[in-house]
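K.L.:
Below is one structure. I have some questions about it.
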Amino acid sequence: MKLPMPTRIYVERTLALIKPNAVDKAEEIEDIILKAGFTILQKRKLQLSPEQCSDFYADQYGKLFFPSLTAFMSSGPIVALTLARDDAVTHWKSIIGPVNSVKARETHPDLRAKYGTSDLKNGLHGSATFSVAKREIKFMFPNSIIEPFPSKEATAEYLSRYVNPTLLQGLINLCKHKPQNPCIWLADWLIKNNPNKPQICDGAIVEEVE
């Protein structure tokens, strides 16, 4: 009996910033975020110093707008959000729209069109790529742990080696016993027969003497 492979769901994280000129609309923006299928994993309101803004936007260093950018982003509080859903980076970028708020109003009636007033004061920030998102989330939430996503092949290998054999054995035993509550019975059986559960030694613990 070969178990069907489950559909793999890719869940990704990205960083969203509500900039100083839109921070008073934070609750309204968060409602839009949730309705778009995102989960808000982390949230904090903070005010960055010009030096911190320079570090955050280090990849923009040397550009003409860099001093104005760091001055604006440190001019008041911002809201930082870690968002999660499938294809989070691309989806968030599509929702906020182009950098230029004026152009956004013409072509993309999205968040920057609604809450932004210029290229600089465009209301919202989104990570450019997943690798950038990892760095930016770590910057805003230093205690975050972002695990690398396993490949499709690695996931299939793990299921084939560690999950399917135990689950198959549990289903065979379920068919033999025909319990009244099959879901509860199977759950208990899997707990008792988990091959990865820690081994508990009932014997006395002997300490080595150096």
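K.L.:
Based on what the data block shows, is residue 133 at pLDDT 80 or above, part of a helix (DSSP H, G or I), under 30 Å from residue 21 (Cβ atoms) and among the small types (Gly, Ala, Ser)? If you could, list the steps in order and put the result at the bottom.
P.N.:
Numbers: at pLDDT 80 or above: yes; part of a helix (DSSP H, G or I): yes; under 30 Å from residue 21 (Cβ atoms): yes; among the small types (Gly, Ala, Ser): yes.
Considered against the rule, which asks whether it is at pLDDT 80 or above, part of a helix (DSSP H, G or I), under 30 Å from residue 21 (Cβ atoms) and among the small types (Gly, Ala, Ser), residue 133 comes out as yes.
K.L.:
Let me ask something else. Starting from residues that are of a type in the set (S, T, N, Q) and modelled with pLDDT under 80, keep the ones in the stretch 164-210 and report whichever is most open to solvent (accessible area, probe 1.4 Å). Outline the logic, then answer.
P.N.:
Pass one, the stretch 164-210, residues of a type in the set (S, T, N, Q): 164, 166, 169, 173, 180-181, 193-194, 196, 199.
So of that shortlist, the ones also modelled with pLDDT under 80 come out as 196, 199.
Details: 196: 95, 199: 159 Å².
So the residue we want is 199.
K.L.:
Return yes when residue 63 is open to solvent by 10 Å² or more (accessible area, probe 1.4 Å), assigned by the TED database to the domain that holds residue 114, modelled with pLDDT of 95 or more and not small (Gly, Ala, Ser) and no when it is not.
P.N.:
When the stated conditions are applied, residue 63 does not pass them.
K.L.:
For the stretch 139-151, give me the residue count where each residue is modelled with pLDDT of 65 or more and either open to solvent by 100 Å² or more (accessible area, probe 1.4 Å) or under 19 Å from residue 90 (Cα atoms) (or both). Give the steps one after another, and end with the answer.
P.N.:
Taking the stretch 139-151 and keeping what is modelled with pLDDT of 65 or more, we get 139-145.
Those left that are additionally either open to solvent by 100 Å² or more (accessible area, probe 1.4 Å) or under 19 Å from residue 90 (Cα atoms) (or both): 143, 145.
So the count comes out to 2.
K.L.:
Out of all the residues in the stretch 28-43, is one or more open to solvent by 30 Å² or more (accessible area, probe 1.4 Å), polar (S, T, N, Q) and in a strand (DSSP E or B)?
P.N.:
yes
K.L.:
Out of all the residues in the stretch 15-38, which are of a type outside the set (S, T, N, Q) and closer than 16 Å to residue 72 by Cβ? It would help to see each step written out before you state the result.
P.N.:
Pass one, the stretch 15-38, residues of a type outside the set (S, T, N, Q): 15-20, 22-38.
17, 18, 19, 20, 22, 23, 24 - these are the residues of the stretch 15-38 that are of a type outside the set (S, T, N, Q) and closer than 16 Å to residue 72 by Cβ.
The values are calculated or read from the model by the stated rules, or taken from the named source; none is laboratory data. Bear in mind that the values here come from a model prediction, so they are computed numbers and not experimental data. Glycine gets a Cβ as well: all are built from the backbone with ideal geometry, and neighbour counts include every protein chain shown. Note: areas computed on protein heavy atoms with side chains; ligands, DNA, RNA excluded. Shrake-Rupley method; radii C 1.70, N 1.55, O 1.52, S 1.80 Å.
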